Amino acid sequence: MRFDPSTRAARDPAGMLDLLQRFPQMCEQAWALTPEPSLPATKPQAVVALGMGGSGIGGDLLRAVLFDETAPPIVSVKDYRAPGFAGPQTLVLACSYSGDTEETLNAYEDASTRGAACVAITSGGELLRRARQRRHPVVVVPKGLPPRAALPYLFLPMLAALSQTGAVRAFDAEVHDAMPVIRRVVDEQGPDRPDSPARRLAEQLVGRIPVIYSAVPFLEPAAERWKDQFNENAKQFAVWNTFPELNHNETVGWGLDPALARLLHVILLRDATEPDRLALRVAITRDLALSRAAGIDEVRAGGSGKLARLLSVILIGDFVSWYLALLRGVDPTPVAVIDELKRRLAKG
Ligand code: PA5
């Protein structure tokens, strides 16, 4: 199926495309957001990022970026509870775009009661109210966006705040270097470009189930974000996994019925700095298992810095999910099922 640019206005009435195109500006603004009042310059023993869905991915990105750095351990939590170790030496970054997500509020209460140093990242709601009441530092992010479109605001201020406390090194140069790379993604992938690779990939995906594999653990949160964006923008089921772990289980699952394998389309997220052993694993796995899928595509992270690589590959996925939504004739913005679920939970 071919993408028809004339469907753009009718099928994307709330302007998700505009938000994707503003991603670079949002990154610049987000990097300048700081907690008020500012954090004391003490190094925590551990950092816990709390958040669900669109507000949870920031913690996963933080963990990926800081994995090989001299930094406190980073734990990303998607639960009603804070981890057992959370206490006065722990820095808790409670992130909820709406400020009203019950899991995050509950885990924040838990951490706060145990004396953890808490920071709230939110556009308002109950989280903002409670954080202000307790004089916890708050990063107030712009209102009125779907949480997943606010990703820069829900991730970069966490990194900036940790950097300011001295808990991790400065990342200003990496943010600066990432900007032209993600601007190029906007230029190359948007619907004004008939040769947009995101558009061509989305056209392949109609009627298929995307299987997103990150070739390296560093890109794992990007694979998860691709899946989440297929779910929420394109209202499409998708799965993700990562090398090398998938070689120890899921690779065997490719022995599935050929009729089912023909429904799957594999998207491999590749990184310029992939170690040779991982590249070899991907090559062997393509041959042994993935060749059974209806299609295989590779998407390469751009730039050289960690932020450029992660954010560029994420933004390409955001565009692919947007095209797929329009190809499927669904509005990318509303997430009626999530809204209805929250409504029913509120009554229960
Ligand atoms: O994309 C979405 O709308 C969801 O994944 C939300 O981010 C999730 O339900 C959590 O809500 P919030 O981001 O307001 O904490």
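What distance in nm separates the two pseudo spin-label positions at Asp68 and Ser38, each 7 Å out from Cα along the beta-carbon direction?
3.2
By a straight-distance test (C-alpha under 30 Å), which lysines pair with Lys306 as possible cross-link partners, with residues fewer than eight away in the same chain excluded?
Excluding near neighbours in sequence, the set is Lys43, Lys78, Lys143, Lys227, Lys235.
Express the Stokes-Einstein translational diffusion coefficient of the chain in µm² s⁻¹, to the nearest whole number, given a Kirkwood radius over alpha-carbon pairs, 4 °C and a viscosity of 1.567 mPa s.
62
Rounded, prolate or oblate, given the Cα gyration tensor of segment 117-200, with a/c below 1.5 counting as rounded?
It comes out oblate by the Cα gyration axes.
Can you check what the Kirkwood hydrodynamic radius comes to for segment 1-155, Cα pairs only, in Å to one decimal?
That comes to 16.3 Å for segment 1-155.
Sort Cys27, Cys95 so that the residue with the fewest other Cβ atoms within 10 Å of its own Cβ comes first and the one with the most comes last.
Taking fewest neighbouring Cβ atoms as first place, the list is Cys27, Cys95.
Summarise the long-distance tail of P(r) for segment 217-306 by giving the % of C-alpha pairs beyond 22 Å.
That tail contains 28 percent of the Cα-Cα pairs.
For the chain, with a Gaussian network of springs between Cα atoms less than 10 Å apart, report the residue from Ala308, Ala167, Ala14 with the top mean-square fluctuation.
Ala14
I want to verify a result. In a Gaussian network model of the chain, Cα cutoff 10 Å, which of these has the top mean-square fluctuation: Ala283, Ala71, Ala30?
Ala283
Calculate the length of the line joining the C-alpha centroid of segment 179-208 to that of segment 15-39, in whole Å.
22
With a 10 Å Cβ neighbour count serving as the proxy for reagent exposure, in which order, fewest first, do Asp177, Asp195, Asp12 appear?
So the residues, fewest neighbours to most, are Asp195, Asp177, Asp12.
Is it possible to state the helix-based mean residue ellipticity at 222 nm for the chain, with each DSSP H run of 4+ residues giving -39500 (n - 2.57), the sum divided by total residues, to the nearest 500 deg cm²/dmol? What is it?
Theoretical 222 nm ellipticity from helices: -14000 deg cm²/dmol.
Which distance in nm do the two modelled labels at Ala259 and Ser291 give, with both placed 7 Å along the Cα-to-Cβ direction?
Once both label points are built, they end up 2.5 nm from each other.
Quick one: order Ile296, Ile74, Ile284 by neighbouring beta-carbon count within 10 Å, fewest to most.
Ranked by crowding around the Cβ, least crowded first: Ile284, Ile296, Ile74.
Please sort through the DSSP H helices of the chain and keep those with an alpha-carbon extent of at least 27 Å along the long axis and a Kyte-Doolittle average not below -0.5.
306-328
Hey, with R₀ at 30 Å, roughly what FRET efficiency would Val252 and Val337 work out to, going by the Cβ-Cβ distance, to 0.05?
My answer for the efficiency is 0.40.
If the chain between Glu102 and Arg193 were fully stretched, how many nm would it gain, using 0.36 nm times the residue separation less the Cα-Cα distance?
Roughly 28.6 nm would be gained on extension.
Where Rh is the Kirkwood radius over the Cα pairs of segment 155-210, the temperature 25 °C and the viscosity 0.890 mPa s, what D in µm²/s does Stokes-Einstein return?
174
Looking only at segment 308-348, which residues have a backbone nitrogen under 12 Å from a spot 7 Å from the Cα of Met1 in the C-beta direction?
Counting only backbone N, you get 323-331.
If R₀ is 45 angstrom, what is the calculated FRET efficiency for the pair Phe85 and Arg22, using the beta carbon separation as r and rounding to 0.05?
Computed FRET efficiency for Phe85 and Arg22 comes out at 0.75.
Using 0.36 nm per residue, how much length does the chain from Val330 to Arg114 gain when fully extended, once their Cα-Cα distance is taken away?
The span from Val330 to Arg114 would gain 73.3 nm if fully extended.
Here, each number is a calculation from the coordinates, and none is a lab measurement. What you see is a predicted model; the values in this text were computed from it and never measured. Heads up, the Cβs are rebuilt from the backbone with ideal geometry, glycines too, and the neighbour counts pull from every protein chain shown.
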